[in-house]
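Okay, structure first, notes after.
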Amino acid sequence: MSERRLELECSLECPKCHGVPYRLYRRQNMQPTGELLGTFEHVLWPAHPNVPPPTHSERIVCPSCGEELRRIAA
């Protein structure tokens with residue numbers, strides 16, 4: 001059986017304090033039987049252990065200063 005692919009898509013950076021609190025990954029979907037699919041889902045993950053999960057999925061903001069984050073290349 002093959003392993004699910006997990007790829008870094010981008011980092012989310014704060015334009016104000018220049019921190020990178022979150023990273024956005026692509027994770028390969030899998031059937032309940034374990035069969036890998038050709039599709040992917042997005043997974044937002046804190047970049048550091050002390051960063052809390054975002055409180056709103058619609059608007060991802062910096063946990064330090066509240067500024068809306070921007071995507072930067074992986």
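One residue stands out in segment 14-24 among those that are open to solvent by less than 30 Å² (accessible area, probe 1.4 Å) and touching a strand residue (DSSP E or B) at 6+ places or on another chain (Cβ under 6 Å): the one that is nearest to residue 64 (Cα to Cα), namely 22.
Within segment 62-72, can one find any residue that is under 11 Å from the mean Cα position of the chain (by Cα), of a type in the set (A, V, I, L, M) and open to solvent by less than 80 Å² (accessible area, probe 1.4 Å)?
Going residue by residue through segment 62-72, those that are under 11 Å from the mean Cα position of the chain (by Cα) are 71.
This time we only want the ones that are of a type in the set (A, V, I, L, M), so: none.
No, segment 62-72 has no match at all.
Go through (1) open to solvent by 90 Å² or more (accessible area, probe 1.4 Å); (2) under 16 Å from the mean Cα position of the chain (by Cα); (3) within 30 Å of residue 2 (Cβ to Cβ); (4) of a type outside the set (Gly, Ala, Ser) and name the single condition residue 59 misses. So the condition that residue 59 fails would be (3).
The set of residues in segment 25-56 that are among the polar types (S, T, N, Q), open to solvent by 50 Å² or more (accessible area, probe 1.4 Å) and touching a Leu at 6+ places or on another chain (Cβ under 8 Å) contains only 31.
The values are calculated or read from the model by the stated rules, or taken from the named source; none is laboratory data. Just so it is clear, the structure is predicted and the values come from calculations on it, not from any experiment. Glycine also receives a Cβ, built like all others from the backbone with ideal geometry; neighbour counts cover every protein chain displayed. Ligands, DNA and RNA are stripped out before the accessible areas are found, and what is left, the full protein with its side chains, is counted by its heavy atoms. Shrake-Rupley method; radii C 1.70, N 1.55, O 1.52, S 1.80 Å.
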